[in-house]
Amino acid sequence: MPTTPTRHPARPRPARPLARSKVSARVYRRRRIAAALAALLVLGLLLAAGGWGYTAFRFGQIGSVHVPGLGKAPSDGSVNLLVVGSDTRQGLRQSGFGEAAGQRSDVIILVHLVPAARHASMLSIPRDLYVPVAGTGGSAKINSAFNRGPGQLVQTIQQSLGVPIHHYLLVNFDGFREVVDALGGVAMYFPRPVRDSNNGRNESGLDVNEAGCRRLDGDQALALARSRYFQYQDKAGRWHGDPGTDLGRIRRQQTMLRALAAKAVGRNLANPIRANALVGSVVRSLTKDDQLSIRRAVTLARQFRSFDPARLTTITLPVDRAVQHGGIVYAAGEPGFDQGLRQGWEQVLLPRQPAATAAVARLLARPTRPAPPAPPTTAPPPAVLAPAKVSVVVKNGTTRQGLAARAAAALRRLGFKASNGGNATPLAVTSIAHAPATGTAATTVARAVKAGKRVVRTPQPGLARTSVVLVLGADFRGTATRVATPTRPATRPPKPTPATRTLPAWDPRPC
């Protein structure tokens, strides 16, 4: 039998510096932005741009929970927000705090906002951080503190890191797909072919068979964000797993969401229909504390309306690897660590002191001067689908006999799956109804239609993501002779930025 290492008292937060971990420094690099922060930014921009009645309606759709232990924000207006990301909202009603009992948070982030200086900083907390859990008398991974609700997690973080928390936000990553589609997709460059493979099973659906820049729709982006068994192919055709495993997944998730946040600041918000679809998808993905009022949220949104996501100060809590069993903890480099690893002890992370304390101080540091407003950005053209992937029901909203049948036949010649839907209520302007979360199929059809200055697009619940209903109005003048189809994106890699310069060579990045 293997010999059990000499037992030492549990030491979740060592007072002395620990030996440096063998974990790749890239796993915990700066420049990580959470889906939660991106969702908050998008929601804030949209609410700030809308009228008060619309804002109140949408804000009321966000779930609210009571979170004990939250502190009162200081008089200088700064706010500390705890953002928790989760893969599901199942159990929201059963547990009462936005997460089913027994489930754990997937991403934990502290956001520090200084409205007067338009300054935002964030501290990413690894979910495997081993700390004393408030109210239990014991220690565990920090994400397990969410088991009894956000109040326990709030108190655990406040006690372990010494950061007062004023508000709480839970983000459901399942709603992430709708946000991506409402923004028209996200362009990502893949330096290598990648896939998700767990003993030959593709569990997330990620499968990119060649390098290059691709515009991902909601399903494809979600497959990338959820890939826990990420593999990349080298130039010799061999497949390799990401050594960062689950932490690598979080890193890729943050990179993609930084691109989404930047896109949300651009021209997409100028389209009221797209903006409405976007804010609808965001509010369905959020749960907030019941002390965050609509007035406070809108004030913050307006103060940060011109905030550039590239100016976000990003910090990650420095950590070291460790193993624990029954409250006995060994850090990497200590006697007993290797033996505990071989015996299958639980692998955890410990704060690296004094670097962890310095990281918290940097999070809360006050900026010396306001950041300049973000420069205007030019957004890429809207995404389109291949006509063969789009189903179109054509209806006649004019007095011209047989117009729907002729238009459907013309669309079929262009490659669409088109059918005659008969007559409709007379319309002056041609309109396209599409699925609420995405307008990609509608964009494709609109490019094939000759009508007035603008084809009206209307979200219609119940439609499939690639199906639309085209109602021909009095301004309809026929169909195009050809329709643009998605072209193969350029394979030239994008120029490195401060946010992507430290990424592993196989990781996707914005393009």
Conditions (1) open to solvent by 20 Å² or more (accessible area, probe 1.4 Å); (2) modelled with pLDDT of 90 or more; (3) of a type outside the set (Asp, Glu); number of the one not met by Ala433: (1)
In segment 125-155, the residues that are among the hydroxyl-bearing types (Ser, Thr, Tyr) and either surrounded by fewer than 23 Cβ atoms within 10 Å (Cβ to Cβ) or free of Cβ contacts under 8 Å to residues at least 12 places away in the same chain (or both): Thr136, Ser139, Ser144
Segment 438-463 residues that are over 15 Å from Gly397 (Cβ atoms), paired with ones that are hydroxyl-bearing (Ser, Thr, Tyr) (beta carbon under 6 Å, 6 or more apart): Ala441/Thr466; Ala448/Thr479
Test: residue in segment 160-181 that is at pLDDT below 85, farther than 21 Å from Thr287 by Cβ and either surrounded by fewer than 21 Cβ atoms within 10 Å (Cβ to Cβ) or not aromatic (Phe, Trp, Tyr) (or both): yes
Top-ranked residue in segment 385-424 [being touching a strand residue (DSSP E or B) at 6+ places or on another chain (Cβ under 8 Å) and β-branched (Val, Ile, Thr); ranked as most open to solvent (accessible area, probe 1.4 Å)]: Val393
Matching entry among Gly200, Gly212, Gly205, Gly185 (being open to solvent by 10 Å² or more (accessible area, probe 1.4 Å), in contact with a strand residue (DSSP E or B) (Cβ under 8 Å, 6 or more places away or on another chain) and within 30 Å of Trp239 (Cβ to Cβ)): Gly205
Complete set of residues in segment 353-384 that are open to solvent by 50 Å² or more (accessible area, probe 1.4 Å) and at pLDDT 90 or above: Pro354, Thr357, Ala358, Ala361, Arg362, Leu364
Residue among Arg501, Arg457 that is modelled with pLDDT under 90, assigned to a strand (DSSP E or B) and either open to solvent by 50 Å² or more (accessible area, probe 1.4 Å) or not basic (Lys, Arg) (or both): Arg457
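The values are calculated or read from the model by the stated rules, or taken from the named source; none is laboratory data. Keep in mind the model is a prediction, meaning the values are calculated, not measured. So basically every Cβ, Gly included, is an ideal-geometry build from the backbone, and we count neighbours across all protein chains shown. Please note that ligands, DNA and RNA were not included when accessible areas were found on the heavy atoms of the full protein model with its side chains. Shrake-Rupley method; radii C 1.70, N 1.55, O 1.52, S 1.80 Å.
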